[in-house]
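Undergrad: Attaching a single structure in structure tokens format; questions to follow.
None of the figures in this text is laboratory data; all of them are computed from the coordinates on show. The structure presented is a predicted model; accordingly, all values stated were derived computationally and were not measured. Quick reminder, even Gly has a Cβ in these numbers, built from the backbone with ideal geometry, and neighbours come from all protein chains shown.
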Amino acid sequence: MKRRLEILQVTPFYPPHIGGAEKYVYNLTRELRLAGNGVTVMTSRFSPELIESEDQISLPLMYSFYGDWGEIPICPTIFLGLSRIKPDIIHVHSPPRFFAESTTLHNFLSRRLDKSRIPLVMTYHLHNEGLSGIKNAVLNLHNALVMKLVFKQASRIVVLTSKCKEIVCNNFKIEPGKICVIPNAVDTRFFNGGGYYPVEDCRKKFRIFSENTVLFLGRLATYKGLDYLLESIGLLKKELPDILLLVAGEGGYEKNLRDLSKQLGIDSEVRFLGKIDDVDVPHVLSVAKLLVLPSLTEAFPTVLLEAFAMGKPVITTDVGAIPGVVLNGETGLVVERRNSRQLAESILSLLSDEQLSARMGKLGQKIVRARYSWDSVARRILDVYNSLL
């Protein structure tokens, strides 16, 4: 009989907060519990409405930095929270910054004080890139002085791609044997593009009737590159007068995007849907002809897997893990970041060629079902835990 593990997941944010890492921790937690383990989630109380429960510790938020690198929640009571729980395994997720660093420091001091050692697993979701100037210099300094020590203290490091493993090995001088490559995943039972979500019903639900519908789904932040997507819609407006861009998500950059839409004269071609409930995401994907993710920096975007699972081709940028996830020309198109014209040309090519779009969507769906299901990924994470005990 397999041993029941008590696992602490430490994550800066957790649903209902929107983000790929949040979904990752949520789905991993669900699968670990289904396998008979006890899982407690420690996260920031990013909303005043959040309260603690038996299996979720929500830490008061003292301050939250926000910028091109995303949000960074600062919760000093994390040290008190960590001292109150003694799990078999601690699994911490980074970035955003602060949570992984604080958890590592607490674990190190605890080991020195009472000689107890709880194995610490760290999933490194994103290596920041695409920033410039002083922001890039600050992150590089933090990596050199702090993150290098965090990586060295971790018992195991989980990364989502082989490319990220190379980055960690080269930038932080970590031995390759300490790093496990385990990809992101998607719930293929829920994201099922085999006719489970009839297109016409979904059109009526959201009152979307344009044939040339393009979808962006994610946080409305500068690093998502939405400015360039809006510019590409402006370039396509004359050639595809019925084009409609659906922008699904929320974030502090929404007003800027609405203002830019007005400046570009594409108000009628862009619809801001706001935050979409998880249960409605497959419906919105069903309506769209394709998904566009024009990010300036990314880790391993779950939304790409969700689109593939729904049989949709994608257009995205050559950042982070994306070139290893999207087969350029086979499951989607990969373009340069900050290139509105390339985005426009790629959107036009897929909307104009239904056979190509369908072929890409089918191949993406086949690959997701074979490689990126949550039950198989959670089993691999459990194997990492057990190897440390």
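Undergrad: Rounded, prolate or oblate: which one fits region 199-371, using the alpha carbon gyration tensor with axes a ≥ b ≥ c (rounded when a/c is under 1.5, else prolate when a/b beats b/c, else oblate)?
TA: Note, shape of region 199-371 comes out rounded.
Undergrad: Give the lysines whose C-alpha is closer than 23 Å to that of LYS86, dropping any in the same chain fewer than 8 places away, or say none.
TA: In chain and number order, the partners are LYS2, LYS115, LYS152.
Undergrad: So what is the calculated 222 nm ellipticity per residue for the chain, using -39500 (n - 2.57) for each DSSP H run with n of 4 or more, over all residues, to the nearest 500 deg cm²/dmol?
TA: Using -39500 (n - 2.57) per qualifying helix, the result is -12000 deg cm²/dmol.
Undergrad: What whole-number volume per residue, in cubic angstrom, does the convex hull of the C-alpha atoms of the chain give?
TA: Here the figure is 143 Å³ per residue.
Undergrad: Could you pull out every residue, at least 5 positions away or on a different chain, whose amide H is within less than 5 Å of the one on ILE57? Hs are placed 1.01 Å off N in the peptide plane, and Pro or chain starts have none.
TA: Counting only residues 5 or more places away or on other chains, the set is VAL41, MET42, THR43.
Undergrad: Let me ask another. Determine, for GLU200, GLU22, GLU298, GLU345, the number of other Cβ atoms within 10 Å of each Cβ, and report the residues in order from fewest to most.
TA: GLU200, GLU345, GLU22, GLU298
Undergrad: Another one. May I ask what percent, to the nearest 5, of DSSP beta bridges between residues of the chain are antiparallel?
TA: Antiparallel: roughly 10 percent of the beta bridges in the chain.
Undergrad: Between GLN56, CYS75, ALA35, whose Cα lies farthest towards the positive end of the dipole of region 1-84 when Lys and Arg beta carbons carry +1 and Asp and Glu beta carbons carry -1, centred on the Cα centre?
TA: ALA35
Undergrad: What order do you get for MET310, MET62 when you list them from fewest to most C-beta neighbours inside 10 Å?
TA: MET62, MET310
Undergrad: How large is the Kirkwood hydrodynamic radius of region 28-67, counting all unique pairs of alpha carbons, in Å?
TA: 11.7
Undergrad: Shifting gears a bit: For region 1-84, report the translational diffusion coefficient in µm²/s to the nearest whole number, using Stokes-Einstein at 20 °C, 1.002 mPa s, and a Kirkwood Rh over Cα pairs.
TA: Calculated translational D: 157 µm²/s.
Undergrad: Give me SER387, SER295, SER376 sorted ascending by neighbouring Cβ count inside 10 Å, so fewest comes first.
TA: SER387, SER376, SER295
Undergrad: Quick one: which residues, 5+ away or cross-chain, put their amide H under 5 Å from the amide H of LEU296? H built at 1.01 Å from N.
TA: Under 5 Å from the amide H of LEU296 lie the amide H atoms of LYS224, GLY225, each far enough along the sequence or on another chain.
Undergrad: Can I ask one more? Quick check: residue separation of ASN171 and VAL199 times 0.36 nm, minus the Cα distance between them. What number comes out in nm?
TA: Gain in length upon complete extension: 5.4 nm.
Undergrad: Using modelled amide H (1.01 Å from N, peptide plane; none on Pro or chain starts), what sits under 5 Å from the amide H of GLU250, excluding residues fewer than 5 places away?
TA: Sorted by chain and number, the residues that satisfy this are LEU220.
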